[in-house]
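Data first, discussion second: the structure below is written as structure tokens.
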Amino acid sequence: MHDTLKKPRELLMISYAVRFPELAAKSRSLGGEVDMDPNTVENDRQRLLAVERLILEMICFNFTSRLPFSYVIKIGRALHATKKLTKLAWRLAVDSHRTPVTLSYPAHEIALGCIYLAALLSSFEQGMTSPSSDQTSAPALESTSTYSNNPRNSNSPQQLVDILGKHGDWERRFQARVEDIEEIAHQTIDLLISHAQNPLASTSPSTPSSPSSHHLSHISHPPNINSQPIPTPYKPDQLIRLKIHMRETEHPARPRVALAKGGEAGTGLLGRNEGTVRFLFGPEEGGR
């Protein structure tokens, strides 16, 4: 949705170059296409179209891409978070797109998970207590249109951990569950740990340019061998200790129940080229 249109054959040729580098090295075609059996290409093309149709059915043909960044701002204001913590949550929301959470959770839950992780990173090993322990009185959640730079009018990171780390009225207000934001925080901190342990490793693949790179080879710049890795703000052992603390205080995962009962009436029809599966969401039989 955020890239140029590609034909199925172009996508297949790129995948063949990745899957079969030895064949790509032997290719002599001008466009760099891999010499593959036409029957194999046609079968893979049909499979690719089936996957494309499956994705369209899963998103209900809604091409509106919702990102967590605006939710980070709005929820940060509602939670009376400081600007510093909200900026950290914004950066974590950017990093969350390098994890699978964007495929499993809606944007507003990802924003909550990033705010929760930002509060943990800002308060861990600084006199913090367990989210499950008894607290005197949790700060009230009130909507506000502006941030407060005055610490007296803002919730501290530890207070946000106490709010988001256990069940409460915020779940109904923000339409989220504490188990989900904990899982989002876990997957995001796993990314931070892997980067802190190996800063030189690339955690995301490079996006191919459009048009293809061989047309721009004459203006490509050589890599800078003197470039240094970006220093990480957190040490690996600190992140690992935080990860252990999160596992010790987390809630049991929510059970996932399949909505379809299986068979041809369920997921068996998804992704087929003969027709399109449409879902009608309504009240259950007992509620009528």
Show the residue pairs that are 6+ apart or on different chains and have beta-carbon atoms under 7 Å apart, the first residue being within the range 32-44 and at pLDDT below 90, the second being open to solvent by 50 Å² or more (accessible area, probe 1.4 Å).
32/214; 34/20; 34/23; 35/23
Would you confirm, using the coordinates I've provided, whether residue 36 is of a type in the set (A, V, I, L, M) and open to solvent by 40 Å² or more (accessible area, probe 1.4 Å)?
yes
Residue by residue through the range 79-106, note down the ones that are open to solvent by 70 Å² or more (accessible area, probe 1.4 Å) and either in contact with a Leu (Cβ under 6 Å, 6 or more places away or on another chain) or assigned to a loop (DSSP other than H, G, I, E, B) (or both).
97, 98, 100
Would a scan of the range 38-60 turn up a residue that is over 20 Å from the mean Cα position of the chain (by Cα) and in a loop (DSSP other than H, G, I, E, B)?
no
Would you please name the residue that is least open to solvent (accessible area, probe 1.4 Å), looking only at residues in the range 61-78 that are part of a loop (DSSP other than H, G, I, E, B) and among the hydroxyl-bearing types (Ser, Thr, Tyr)?
65
The residue that is farthest from residue 46 (Cα to Cα), considering only those in the range 7-29 that are in a helix (DSSP H, G or I) and among the basic types (Lys, Arg), is 26
If I filter the range 121-129 for residues that are in a loop (DSSP other than H, G, I, E, B), modelled with pLDDT of 85 or more and farther than 21 Å from residue 170 by Cα, do I get at least one hit?
yes
Got at least one residue in the range 38-55 being among the β-branched types (Val, Ile, Thr) and within 30 Å of residue 115 (Cβ to Cβ)?
yes
Condition (residue is over 21 Å from residue 190 (Cα atoms), polar (S, T, N, Q), in contact with a Gly (Cβ under 8 Å, 6 or more places away or on another chain) and open to solvent by 40 Å² or more (accessible area, probe 1.4 Å)) applied to the range 117-132: is it met by at least one residue?
yes
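The values are calculated or read from the model by the stated rules, or taken from the named source; none is laboratory data. Every value quoted in this text rests on a predicted model; they were computed, and no experiment measured them. Positions of Cβ are generated from backbone atoms using ideal geometry, with glycine treated the same way; all protein chains shown enter the neighbour counts. Ligands, DNA and RNA are stripped out before the accessible areas are found, and what is left, the full protein with its side chains, is counted by its heavy atoms. Shrake-Rupley method; radii C 1.70, N 1.55, O 1.52, S 1.80 Å.
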